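As structure tokens, the structure follows; a few thoughts come after it.
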Amino acid sequence: MSANISQNLFEEAKKYIPGGVNSPVRAFKSVGGTPRFISKGAGSKMFDVDGNELIDYIGSWGPHLFGHNPEFIQTALLNAIENGTSFGAPTEIEIKMAKLITELVPSVEMVRMVNSGTEATMSAIRVARGYTGKEKIIKFEGCYHGHGDFFLIKAGSGALTFGVPTSPGVTKGNAADTLVADFNNMESVKKLVEQNKNEIAAVIIEAVVGNMGTVRANDSFIKELRGICDEEKIVLIFDEVMTGFRLAQGGAQEILGVKPDLSTFGKIIGGGLPVGAYGGKKEIMEIVSPSGPVYQAGTLSGNPLAMNAGFAALTYIKDNPEVYKTLEEKSDYLENGIKEGIKSVGKNFQFNRVGSMMTLFFTEEPVVDFNSAVKSDTTLYGKYFHGMLNRGIYLPPAQFEALFVSTAHTMEDLDKTIKAHFETLKEII
Ligand code: HOZ
């Protein structure tokens with residue numbers, strides 16, 4: 001598969017953009033080789049500038065539940081753009097969007113739009129601190145909540161991929177207010193709560209993690225976490241930037257049966273445009289400015305293009321709840337094929353899947369938390385990634401990420417993927 005044009009663009013990009021990319025994982029650094037520059041997406045496919053057609057399992061890291069560029073989102077955008085791109089003043093679509101989110105996610109009674117998942121998580125923490133009058137937060141090792149200073153401590157995703165889970169530039173002060181617990185380990189949470197009595201404002205978690213690869217919180221763990229937050233008056237925040245509206249209409253909280261106090265969203269609520277949101281209990285959200293004292297603002301927040309695209313996506317989900325059944329069937333089919341492929345080479349590599357999010361870990365021990373995830377052989381993942389890419393399958397260019405199935409993936413795509421998987425494993429094991 002030729003990548004000459006991508007290679008030239010990458011060299012050019014590196015002169016003007018740090019590392020040649022605007023977000024680290026896409027540079028292919030952990031898998032080696034040349035990142036593909038994409039010229040177009042349609043349905044389940046992406047097309048690179050070298051003319052290669054790729055079956056895409058990133059889907060812009062989650063939002064493309066219906067594949068690339070579905071007609072109903074194009075139409076919503078084209079209609080919106082006729083009326084202007086940004087006003088910095090309220091529009092009616094923002095109310096429709098907020099109402100729809102509160103309808104689909106019962107724990108969300110009020111919601112504020114922002115421009116990215118990072119903004120959403122940073123703002124949710126500020127609100128939790130303002131609401132409780134406390135300063136410390138608990139996050140989980142390997143969970144990633146965007147690149148806000150106080151989250152870049154033992155973080156997952158790109159931070160983990162590049163081996164600097166705690167970034168330079170994060171001050172000691174910021175780090176001191178962030179306590180790190182072990183995912184799926186209630187004892188570690190209890191210990192921190194005990195040691196920091198009445199000081200913890202919030203616990204933030206990806207209840208189904210996408211950013212150390214796919215890892216689901218145990219039912220008992222997440223219920224106990226809810227319990228301890230209630231007892232200690234700690235705001236429980238679910239980071240649903242990846243899982244919101246992807247795993248179910250009501251996100252990870254719906255499938256786990258636990259209601260957080262605040263939730264953060266991104267990706268799909270912009271239908272593929274840059275957007276984020278945080279929301280939750282009215283009593284908490286009402287302290288956000290201008291109804292309350294906690295300041296948070298943004299000129300592009302509630303941007304009419306993003307709102308119209310997102311509203312089209314969420315309306316589609318509301319009107320067609322069977323999309324989740326379709327996603328489950330397709331994902332299940334892919335899972336079976338992948339597991340057969342693993343067996344065919346006599347290995348027991350772990351495959352974690354929750355709905356249409358999944359990860360093949362190159363380790364034979366169950367992956368339930370950060371420590372078990374990092375046992376994966378990342379060199380082998382790199383070989384696997386390239387074997388698949390050479391066969392036209394585009395996977396996350398890092399072991400510690402999820403891959404995403406969309407309704408646009410056809411049976412032919414899935415069969416082609418499974419065939420490529422068998423061949424690649426045979427080649428690299
Ligand atoms: N690490 C991000 C997803 N978990 C990747 C974002 C991007 O490169 O677009």
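Laboratory data are not the source of any read-out in this text; all were calculated from the coordinates shown. Keep in mind that what you see is a predicted model, and the values were worked out from it rather than measured. Here Cβ is always computed from backbone atoms with ideal geometry, including for glycine, and neighbour counts include all displayed protein chains.
Suppose we filter GLU94, GLU11 for residues that are more than 24 Å from the chain's Cα centre (by Cα), surrounded by fewer than 21 Cβ atoms within 10 Å (Cβ to Cβ) and assigned to a helix (DSSP H, G or I); which single one remains? GLU11 is the lone residue from the list that is more than 24 Å from the chain's Cα centre (by Cα), surrounded by fewer than 21 Cβ atoms within 10 Å (Cβ to Cβ) and assigned to a helix (DSSP H, G or I). Note on the range 45-58: among residues that are away from the ligand (no atom under 11 Å from the Cβ) and assigned to a loop (DSSP other than H, G, I, E, B), the one that is nearest to the chain's Cα centre (by Cα) is TYR57. Considering the conditions (1) part of a strand (DSSP E or B); (2) touching an Asp or Glu at 6+ places or on another chain (Cβ under 7 Å), VAL111 is excluded by exactly one of them, (2). Every condition in (1) away from the ligand (no atom under 16 Å from the Cβ); (2) touching a residue at least 12 places away in the same chain (Cβ under 8 Å); (3) part of a loop (DSSP other than H, G, I, E, B) holds for ALA89 except the one numbered (2). Among the residues of the range 330-379, those that are among the polar types (S, T, N, Q) and part of a strand (DSSP E or B) comprise GLN350, ASN352, THR359. Within the range 14-28, being under 20 Å from the mean Cα position of the chain (by Cα) and not hydroxyl-bearing (Ser, Thr, Tyr) holds for VAL21, ASN22, PRO24, VAL25, ARG26, ALA27, PHE28. Any chance the range 197-212 includes a residue that's out of contact with any Asp or Glu (no Cβ under 9 Å at 6 or more places or on another chain) and surrounded by fewer than 20 Cβ atoms within 10 Å (Cβ to Cβ)? Taking every residue of the range 197-212 in turn, none turns out to be out of contact with any Asp or Glu (no Cβ under 9 Å at 6 or more places or on another chain) and surrounded by fewer than 20 Cβ atoms within 10 Å (Cβ to Cβ).
For the range 25-48, the condition holds for no residue, the condition being that it is touching a Gly at 6+ places or on another chain (Cβ under 6 Å), touching a residue at least 12 places away in the same chain (Cβ under 8 Å), farther than 28 Å from GLY244 by Cβ and not small (Gly, Ala, Ser). Quick one: in the range 14-44, which of the residues that are among the charged types (D, E, K, R), surrounded by fewer than 17 Cβ atoms within 10 Å (Cβ to Cβ) and not in a strand (DSSP E or B) is nearest to the ligand (Cβ to nearest atom)? Per the criteria, the residue is LYS14.
Taking the criterion of being over 21 Å from LEU247 (Cα atoms) and loosely packed, with under 15 Cβ neighbours inside 10 Å, would at least one residue in the range 53-69 satisfy it? Within the range 53-69, one or more residues are over 21 Å from LEU247 (Cα atoms) and loosely packed, with under 15 Cβ neighbours inside 10 Å. Before we move on, is ILE237 of a type in the set (A, V, I, L, M, F, W, C), out of contact with any Ser or Thr (no Cβ under 9 Å at 6 or more places or on another chain) and surrounded by 24 or more Cβ atoms within 10 Å (Cβ to Cβ)? In short, no. Condition first: farther than 28 Å from LYS325 by Cα, more than 16 Å from the ligand (Cβ to nearest atom) and not hydroxyl-bearing (Ser, Thr, Tyr). Now tell me which residues in the range 349-373 satisfy that. Those that are farther than 28 Å from LYS325 by Cα, more than 16 Å from the ligand (Cβ to nearest atom) and not hydroxyl-bearing (Ser, Thr, Tyr): PHE362, GLU364, GLU365, ASN371. State whether one or more residues within the range 73-85 are more than 16 Å from the ligand (Cβ to nearest atom) and part of a strand (DSSP E or B). No; the residues of the range 73-85 include none that is more than 16 Å from the ligand (Cβ to nearest atom) and part of a strand (DSSP E or B). Applying the condition of being away from the ligand (no atom under 16 Å from the Cβ) and in a strand (DSSP E or B) to the range 239-279 and asking which residue is farthest from ILE125 (Cα to Cα) yields ALA248. Contact map, the range 404-421: first residue free of Cβ contacts under 8 Å to residues at least 40 places away in the same chain, second residue of a type outside the set (Ser, Thr, Tyr) and not in a helix (DSSP H, G or I), Cβ cut-off under 9 Å, separation 6 or more or different chains; pairs are LYS419/ARG391; ALA420/ILE55; ALA420/ARG391; ALA420/GLY392; ALA420/ILE393. What residue, of GLU340, GLU328, GLU364, is within 29 Å of LYS40 (Cβ to Cβ) and among the charged types (D, E, K, R)? Being within 29 Å of LYS40 (Cβ to Cβ) and among the charged types (D, E, K, R) holds for just one of GLU340, GLU328, GLU364, which is GLU328. If you go through the range 380-411 and keep only what is assigned to a loop (DSSP other than H, G, I, E, B) and either within 16 Å of the ligand (Cβ to nearest atom) or surrounded by 24 or more Cβ atoms within 10 Å (Cβ to Cβ) (or both), you end up with LEU395, PRO396, PRO397, ALA398, GLN399, PHE400, GLU401, ALA402, VAL405, SER406, HIS409. Residues that are at positive phi and buried (at least 24 other Cβ atoms within 10 Å of the Cβ) occur at least once in the range 122-142. Determine whether GLU11 is away from the ligand (no atom under 16 Å from the Cβ) and without any contact (Cβ under 8 Å) to a residue 12 or more places away in the chain. So GLU11 fits the description; yes.
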